[in-house]
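This report concerns only the one structure given below.
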Amino acid sequence: MYLIDAGNLKVTDTLYFRRGLDAVEFGDYYYIATLSGLKRKSKRNGREEDISFIHPVLTRRINDLHPVGNKLWISTADKGLACLMGDSVILHVTQDNGLSSNNCKRVYISEKEIWVSTNK
């Protein structure tokens, strides 16, 4: 995954050398969705870290990332929807508490609602 200057379309940085599924700029980091969980790269020093240790929901395939305010919404391939604030998962929604499937494809946040697309 590459960071590209929109003005001249030149690569300015490599965010992730392996397969990435999504990436967002959020706070002091770039967050990267991968097949093996959530990664982040510091904008200050370029250090990459695997942050899937924070919570089990972050250890498997991450499909979509959606930052809103100080929260990062995360849809996963088999563990439902999660909300990360700081270094804590503050919400984890699965089939057990309302989703039609734990295979979440995309997440969209409107002013008052959270929309989650699943395989069902």
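Counting GluC sites (Glu not before Pro) as exposed when in a DSSP loop with at most 16 other beta carbons within 10 Å, what is the longest stretch of the chain free of them?
1-110
Of the DSSP beta bridges with both residues in segment 26-120, give the percent that are antiparallel, rounding to the nearest 5.
Roughly 100 percent of the DSSP beta bridges within segment 26-120 come out antiparallel.
Can you give the local net charge around Leu35? Use residues other than it whose beta-carbon is closer than 13 angstrom to its beta-carbon, Lys and Arg +1, Asp and Glu -1.
Net charge around Leu35: +2.
Identify, among Ser36, Val11, Val24, the residue whose Cα sits farthest towards the positive end of the charge dipole of segment 11-81, taking +1 on the Cβ of Lys and Arg and -1 on the Cβ of Asp and Glu, with the dipole about the Cα centre.
Checking the options against the dipole of segment 11-81, the answer is Ser36.
State the number of lysine pairs found in the chain whose Cα atoms come within less than 22 Å, restricting to pairs 8 or more positions apart or on distinct chains.
Taking the Cα cut-off of 22 Å, the pair count is 13.
Taking a probe of 1.4 Å, how large is the accessible area per residue of segment 60-120, in Å²?
Each residue of segment 60-120 exposes 57 Å² on average to a 1.4 Å probe.
Taking θ as phi - 60°, what are the ³J(HN,Hα) couplings along segment 79-85 by the Karplus curve (6.51, -1.76, 1.60), each to the nearest whole Hz, with x for Gly and Pro?
10, x, 10, 9, 10, 9, 10
Give me the percent of accessible area attributable to carbon and sulfur for the chain, probe 1.4 angstrom.
Roughly 48 percent, rounded to a whole number.
Given 4 °C and 1.567 mPa s, how large is the Stokes-Einstein diffusion coefficient of the chain in µm²/s, with Rh as the Kirkwood radius over Cα pairs?
My calculation gives 88 µm²/s for D.
Taking the Cα centroid of segment 80-96 and of segment 40-79, what is the distance between the two, rounded to the nearest whole Å?
Using only Cα atoms, the two centres lie 11 Å from each other.
List the trypsin sites (Lys or Arg not before Pro) within segment 18-73 that fall in a DSSP loop (any state other than H, G, I, E or B) and whose Cβ has at most 13 other Cβ atoms within 10 Å.
Within segment 18-73, the qualifying trypsin sites (Lys or Arg not before Pro) (loop, at most 13 other Cβ atoms within 10 Å) are Arg18, Arg19, Arg44, Arg47.
The values are calculated or read from the model by the stated rules, or taken from the named source; none is laboratory data. On a predicted model such as this, the values are computed, not experimentally measured, just so you know. Cβ coordinates were reconstructed from backbone atoms using ideal geometry, including for glycine residues, and neighbour counts include every protein chain displayed. For accessibility, only protein heavy atoms count, side chains too; no ligands or nucleic acids. Shrake-Rupley method; radii C 1.70, N 1.55, O 1.52, S 1.80 Å.
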